[in-house]
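*Asks:* Can you read through this structure? Questions will come right after.
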Amino acid sequence: MTDSQPSRRARIVVHGATGRMGQAIIRSILGSSRSELACALVRPTSDHVDEPISDEFGMRAPDVDFVSALDPDVVADVLVDFSGVQAFDSALAMAHEHRLAFVSGTTGLSDDQHAALEHAAKTIPVLWASNFSLGVAMLERLARRTAAALADWDCDIVEMHHRRKRDAPSGTALTLGHAVAEGHGVALDDHARYIRHGQTGERPPGEIGFAAVRAGDVVGEHTVIFATDGERLELVHRATSRDIFARGALAAAIWIVGRDPGLYTFDQVLAPKD
Ligand SMILES: NC(=O)c1ccc[n+]([C@@H]2O[C@H](COP(=O)([O-])OP(=O)(O)OC[C@H]3O[C@@H](n4cnc5c(N)ncnc54)[C@H](OP(=O)(O)O)[C@@H]3O)[C@@H](O)[C@H]2O)c1
């Protein structure tokens with residue numbers, strides 16, 4: 001990670017604060033000397049509204065309550081959103097209205113929601129990533145390079161996640177698909193195959209296939225398979241803890257504070273490319 005940001009702590013609003021990722025991010029914030037929790041946002045109908053966060057995170061947690069709206073008096077630098085597609089719009093609107101930087105890892109966004117990120121980036125710094133893991137960022141680079149070098153090999157992407165995941169293929173699988181397509185010098189939309197069922201016919205050259213497995217409590221596995229006659233290369237990433245995403249999202253939140261409005265990528269937070 002780069003270390004180019006101001007010395008004072010980043011004051012962070014967490015949206016989706018009682019979710020699996022929201023909790024992991026709050027734990028990361030509380031464990032970091034470079035950040036502090038400014039506000040913990042939950043859905044308006046949540047049972048946790050007005051509850052002190054110390055009820056969830058222990059007595060050493062700061063004096064912050066779970067709330068459903070951002071108080072204008074809250075002093076903050078950045079809003080970090082890990083919620084869902086229905087809640088995403090209001091998270092972005094809050095960041096925009098309060099002129100906070102916006103970091104989001106919510107996946108399954110529509111084209112309109114991606115367009116809204118671009119629009120907001122004219123006024124505030126914005127960083128959305130389908131995956132905040134360092135290992136996946138490296139996998140993306142390797143997939144792009146391998147696809148370029150082995151352009152005539154077949155390539156499929158297989159992902160596996162826990163049973164509660166709501167979107168498929170995963171945002172990370174799509175990001176990897178775009179990397180492979182870039183390596184091939186084509187657009188993913190023209191070559192993606194999301195479903196195979198029944199009489200599929202032979203695989204056309206250049207197809208980029210996706211398969212999604214949903215089972216148990218799997219945090220996240222992604223395999224990019226390159227195959228030709230007689231040999232197969234598999235690039236695999238296995239996440240075993242949500243904390244890796246929380247650490248990456250916190251690093252992105254600290255990194256983005258004080259930056260100019262614009263649309264940033266997680267790759268820019270990481271060390272320079274080889
Ligand atoms: N980019 C990455 O690296 C990465 C990694 C992991 C997950 N994700 C994505 O992050 C998102 C969240 O994942 P998760 O596993 O944490 O899901 P989760 O456990 O279901 O958490 C989602 C949270 O959002 C809250 N929420 C729903 N509506 C809200 C609203 N209107 N205002 C405020 N909060 C609201 C939910 O509250 P209730 O509990 O009250 O419904 C819940 O606490 C998903 O899109 C997932 O795919 C991304």
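*Asks:* Kindly write out, for region 155-170 in residue order, the coupling ³J(HN,Hα) from the Karplus curve 6.51 cos²θ - 1.76 cosθ + 1.60 (θ = phi - 60°), rounded to whole Hz, with x marking Gly and Pro.
*Replies:* With coefficients 6.51, -1.76 and 1.60, one gets 9, 10, 10, 10, 10, 9, 9, 4, 5, 8, 4, 9, 10, 8, x, 4 Hz.
*Asks:* To continue, here is another question. Once both labels are modelled 7 Å past Cα along the beta-carbon direction, what's the residue 110-residue 241 spacing in nm?
*Replies:* Label-label distance for residue 110 and residue 241, simple model: 3.8 nm.
*Asks:* Over region 1-76, what is the relative contact order in percent, taking alpha-carbon pairs closer than 8 angstrom and at least six residues apart?
*Replies:* So the answer I get is 30 percent.
*Asks:* Can you give the alpha-carbon Rg of region 23-120 over 2.2 N^0.38 Å, where N counts its residues?
*Replies:* The reported ratio for this selection is 1.10.
*Asks:* Right, here's the next one. So who's got an amide H within less than 5 Å of the one on residue 79, skipping anything under 5 residues away but keeping other chains? H placed 1.01 Å off N, in plane.
*Replies:* 13, 101, 102, 103
*Asks:* Could you go through region 250-256 in sequence order and give the Karplus-derived ³J(HN,Hα) for each residue, using 6.51 cos²θ - 1.76 cosθ + 1.60 with θ = phi - 60°, rounded to whole Hz, and x for Gly and Pro?
*Replies:* Per residue, the Karplus-derived 3J(HN,Hα) values read 5, 4, 5, 5, 5, 5, 7 Hz.
*Asks:* Could I ask something else about it? Report the dimensions of region 91-145 along its three principal axes from the alpha-carbon atoms, largest first, rounded to Å.
*Replies:* 39, 21, 17
*Asks:* Next question, about the same structure. Taking θ = phi - 60°, what integer Hz values does the Karplus form 6.51 cos²θ - 1.76 cosθ + 1.60 yield along region 9-20, in sequence order, with x for Gly and Pro?
*Replies:* For region 9-20, the Karplus curve yields 5, 6, 9, 10, 9, 9, 9, x, 5, 9, x, 4 Hz.
*Asks:* Eigenvalues of the Cα gyration tensor times 5, then square-rooted: what semi-axes does that give for the chain, in whole angstrom, largest first?
*Replies:* Square roots of five times the eigenvalues give 36, 19, 17 Å.
*Asks:* Same structure, new question: Just to verify a number: FRET efficiency for residue 166 and residue 7, C-beta to C-beta distance, R0 = 41 Å, to 0.05?
*Replies:* For R0 = 41 Å, the calculated efficiency reads 0.55.
*Asks:* Testing the spin-label approximation: label points 7 Å from Cα along Cα→Cβ at residue 189 and residue 56. State their distance in nm.
*Replies:* Each label point lies 7 Å from its Cα, and together they span 3.7 nm.
*Asks:* Give me the distance in nm between label points sitting 7 Å out from Cα along the Cα-to-Cβ direction at residue 142 and residue 122, one decimal.
*Replies:* Each label point lies 7 Å from its Cα, and together they span 4.1 nm.
*Asks:* If we sort 30-36, 191-197 on the protection proxy, mean other Cβ atoms within 10 Å, highest first, what's the order?
*Replies:* Those peptides, ordered most packed to least, come out 30-36, 191-197.
*Asks:* How high is the relative contact order of region 68-226, in percent, with contacts defined as C-alpha pairs under 8 Å that are six or more residues apart?
*Replies:* With pairs under 8 Å counted, the relative contact order is 23 percent.
*Asks:* Expressed in nm to one decimal, what extension gain is obtained for the pair residue 213 and residue 197 from 0.36 nm per residue of sequence separation less their Cα-Cα distance? Don't jump to the answer; show the numbers that get you there.
*Replies:* On the way: separation 16, 0.36 × 16 = 5.76 nm, distance 1.50 nm.
Contour length minus the Cα-Cα distance gives 4.3 nm.
*Asks:* A follow-up question, please. Given the C-alpha centroids of region 240-269 and region 50-71, what is the distance between them in whole angstrom?
*Replies:* 23 Å
*Asks:* Hey, another quick one. With 10 angstrom as the radius, rank 12, 25 by how many other C-beta atoms surround their C-beta, starting from the fewest. Don't jump to the answer; show the numbers that get you there.
*Replies:* Details: 12 29, 25 33.
In order of increasing Cβ crowding within 10 Å: 12, 25.
Every number here is computed from the coordinates shown, using simple stated rules; none is lab data. The structure presented is a predicted model; accordingly, all values stated were derived computationally and were not measured. Neighbour counts are summed over all protein chains in view; Cβ atoms, including those assigned to glycine, are modelled from backbone coordinates with ideal geometry.
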